[in-house]
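Shown next, in structure tokens, is the structure this report addresses.
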There are 2 protein chains.
Amino acid sequence: MRVINTIHSLRAYINSIREQRYTVGLVPTMGAFHEGHLALMRRSLENGDCTVVSLFVNPTQFGPKEDLEKYPRDFNRDSQLAADFGVHALFAPTASEMYPEGFQTHISLPKIRSRYEGEIRPGHFDGVAAVCAKLFNLVQPQRAYFGQKDYQQLVLIQRMVCDLNFSMEIVPVPTVREPDGLAMSSRNAYLSPEERAVAPRLYLALRQAAEMAEQGEHKSAAIEEQAVHFLAEEPLIKVDYIKVADAEMLEPADLGDRPAVILGAIRIGSTRLIDNILLK
Amino acid sequence: MRVINTIHSLRAYINSIREQRYTVGLVPTMGAFHEGHLALMRRSLENGDCTVVSLFVNPTQFGPKEDLEKYPRDFNRDSQLAADFGVHALFAPTASEMYPEGFQTHISLPKIRSRYEGEIRPGHFDGVAAVCAKLFNLVQPQRAYFGQKDYQQLVLIQRMVCDLNFSMEIVPVPTVREPDGLAMSSRNAYLSPEERAVAPRLYLALRQAAEMAEQGEHKSAAIEEQAVHFLAEEPLIKVDYIKVADAEMLEPADLGDRPAVILGAIRIGSTRLIDNILLK
């Protein structure tokens, strides 16, 4: 596996790959690899793509009071995992390589950023959009792989790729879960054993909500209310939101003919967890 | 020359060109071709690029009270001119092809958009940035050609290409002028004969300012004041601004070791004209 730290080296690597007419798959990550990341890499490798994993804890997507400093970092472990997995290249730039003096280009998707995670984390999705646009232009992949766990991020990126006419496909990869249902997340590492024990309740609440919908309830408010109530029974959990939305546009919607998603976000202590379930 | 109206056809065309390993040059325009546009096309053809000219009067870069409706349009004349000139493809999409339902991605360069044209035309440069990002992704050119006449736009695009890591070069092409010095512009067609007669005064004012700088004046304020005074002697002219700025960052600056530019914008009747001179 090639470890690449500079944009200059990355461009040279990508040019040589394209010269040889390989397809390129990009897996953008912030490191701290878990099974969810490995599922993205697996999917890219199975597609036969020359697989480039980016590992960059992107400062512009963290708010001033968020966990940028304490976000888990273990480059040697991540690098070893990716190499063992068969990844072709790991791009791990510094922040000043990505955002040199004078950088100012801002990308924003106002409708998507106004809701759910965007409302609670102002600026977060702008940072995600810009860093992904940069990575897409640098790596010029045929495909980029994103986890469904960060569902709003997935929709944001799909919308940006469509709006800005990037010549690539966004491949959504299903959420990987712990045996008790908790969605894999680098932030799970922040949880104390007591907090970890109640964390699966988010997925349980979403499953119950999905069952309610499957049994014919089509009013979002009723579904959301029940899930919030179920979560509130656990004193360690603070609910940020449970929302039923149109799966494509992410606008709040009652259930009908169109695909829908139930999005959830909770806090346990100082740790925020998000999850979602797609409804057919 | 291929005339292409849809994104689907453009992608197929670009794929076939890349398959044949030709380099691609992009000349983004809003049509109403004059010698300035032809100079961009000539430069691309001389570089041996398969030359794609886009012709799109981009609604998002016009303010609500600006001249979107009356902006000169003559597709048949433009198409004939480009074909005669040896251009390989003309991409002329509709607005709904470029901005379909649900489009929302916004690109902004806050420092550049806060000054000069950006201050007078809020939203203008955001529209320019997004449409250029779209065209860059669609055409994937090795080079794109921009006129120095729209100097702030040129700096904006260079900054965006650098910030978002587009794999391409922006080629600046010198301003083409009428024999009396007036910079070629599609908006010159709006001028009455009386207005046209006084329009070269903008370039004259910039030339005098440049001479003042060459003769050793390094205070921006003194240079700007003289040029504004000279322009104000003509009652048909209203001065929007005359500003000396750093040629790369476009920040206001006195003259020193770094390259500088003198930017000017005036109104004659309801027509806005801009021009500039680079100082070595």
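The values are calculated or read from the model by the stated rules, or taken from the named source; none is laboratory data. On a predicted model such as this, the values are computed, not experimentally measured, just so you know. Neighbour counts run over all protein chains shown; Cβ positions are idealised from the backbone, glycine included.
Tabulated values for the structure
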| item | result |
| --- | --- |
| Residue in the stretch B:83-107 that is farthest from residue B:3 (Cα to Cα), counting only those that are free of Cβ contacts under 8 Å to residues at least 24 places away in the same chain and part of a helix (DSSP H, G or I) | B:96 |
| Filter result (in contact (Cβ under 8 Å) with a residue 60 or more places away in the chain, within 15 Å of residue B:185 (Cα to Cα) and either in contact with a helix residue (DSSP H, G or I) (Cβ under 8 Å, 6 or more places away or on another chain) or not small (Gly, Ala, Ser) (or both)) within the stretch B:39-61 | B:40 |
| Answer residue from the stretch A:60-82, given it is part of a loop (DSSP other than H, G, I, E, B) and of a type in the set (A, V, I, L, M, F, W, C) and is nearest to residue A:1 (Cα to Cα) among those | A:68 |
| Positions within the stretch A:13-59 being of a type outside the set (S, T, N, Q), more than 20 Å from the chain's Cα centre (by Cα) and in a helix (DSSP H, G or I), in sequence order | A:13, A:14, A:17, A:18, A:19, A:46 |
| Residues being of a type in the set (A, V, I, L, M), touching a residue at least 40 places away in the same chain (Cβ under 8 Å) and over 11 Å from residue A:268 (Cα atoms) - total across the stretch A:191-218 | 5 |
| Out of B:78, B:126, B:84, sole residue that is closer than 25 Å to residue B:267 by Cα and surrounded by fewer than 22 Cβ atoms within 10 Å (Cβ to Cβ) | B:126 |
| Residue list for the stretch A:139-190, filter: touching a residue at least 12 places away in the same chain (Cβ under 8 Å), within 14 Å of chain B (Cβ to nearest Cβ) and on the phi > 0 side of the Ramachandran plot | A:140 |
| Residue match in the stretch A:82-90 (condition: out of contact with any strand residue (DSSP E or B) (no Cβ under 6 Å at 6 or more places or on another chain) and under 28 Å from residue B:250 (Cβ atoms)) | no |
| Members of the stretch A:5-48 that are buried (at least 16 other Cβ atoms within 10 Å of the Cβ) and within 14 Å of chain B (Cβ to nearest Cβ) | A:7, A:10, A:11, A:13, A:14, A:17, A:24, A:26, A:28 |
| Identity of the residue in the stretch B:93-111, among the small types (Gly, Ala, Ser) and within 8 Å of another protein chain (Cβ to nearest Cβ), that ends up nearest to residue B:127 (Cα to Cα) | B:108 |
| Single unsatisfied condition, residue A:136 versus (1) within 26 Å of residue A:241 (Cα to Cα); (2) in contact (Cβ under 8 Å) with a residue 40 or more places away in the chain; (3) not in a strand (DSSP E or B) | (1) |
| Residue match in the stretch B:214-222 (condition: farther than 20 Å from residue B:188 by Cβ, buried (at least 16 other Cβ atoms within 10 Å of the Cβ) and not charged (D, E, K, R)) | yes |
| Residues (more than 14 Å from every other protein chain (Cβ to nearest Cβ) and touching a Gly at 6+ places or on another chain (Cβ under 8 Å)) located in the stretch B:112-138 | B:121, B:122, B:124 |
| Residue within the stretch A:195-208 that is among the hydroxyl-bearing types (Ser, Thr, Tyr), in the same structural domain as residue A:26 (by TED's automatic domain parsing) and more than 23 Å from residue A:68 (Cβ to Cβ) present | no |
| Answer from A:231, A:250, A:279 - the residue that is closer than 24 Å to residue A:174 by Cβ, within 14 Å of another protein chain (Cβ to nearest Cβ) and crowded, with 16+ Cβ neighbours inside 10 Å | A:250 |
